[in-house]
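Worksheet for the structure shown next.
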Amino acid sequence: MQTSGFVLLGLLSMGCAGQKPGPGGEQPARRIASAFLRDDAGYSVGLATFSSGDTSISLAISTGGLTPGPHGIHIHEHGDCTPPDFMTAGAHFNPSGRKHGLENPEGPHDGDMPNLVVKSNGSADTTFRLRAEAIRPDSQALVIHEAADDQRSDPAGNSGRRLYCGVIKRD
């Protein structure tokens with residue numbers, strides 16, 4: 001009985017030899033940064049976590065208290081979220097000097113993302129895939145705007161005022 005257990009264990013380990021763990025053989029993602037989102041009154045309104053896999057970075061975001069529909073969401077250049085307008089976060093992260101928008105032929109900024117779609121109850125729980133260039137080792141900010149990003153117009157896609165902001169802190 002014990003011998004057959006060793007044989008089965010040996011066969012199982014041979015079948016897995018050389019394959020990376022996780023779906024599709026990819027290494028499981030590891031968290032590399034996070035941002036606690038706050039509104040202009042300083043209340044905690046959500047959490048964003050950044051994870052790195054073999055080939056990309058993902059941003060998982062969970063937030064609430066927003067009006068339903070699309071909202072612009074961007075990575076900004078400075079890790080400073082001073083209320084009430086969060087202008088201390090600076091412009092969109094754009095070291096490559098490109099134009100704004102995922103649909104702009106001269107874009108996008110490194111910090112540009114698709115719109116965050118908020119459900120009818122005011123919440124949003126979603127994941128975005130980002131280019132590796134979107135996150136740098138020093139501090140940046142994640143900002144959610146009041147309106148949809150048109151994905152074309154410079155410098156910010158007409159996405160309106162900054163509603164939520166969170167300093168991105170590396171783990």
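Bear in mind that the values in this text are calculations on the coordinates, not laboratory data. Since we're looking at a predicted model, the values are computed, not measured. Virtual Cβ from ideal backbone geometry, glycine too; neighbours counted across all protein chains shown.
The K169 and T67 beta-carbon pair, evaluated with R₀ = 30 Å, returns a calculated FRET efficiency of approximately 0.60.
Extension gain for S44-S56 works out to 1.5 nm (0.36 nm per residue, less the C-alpha to C-alpha distance).
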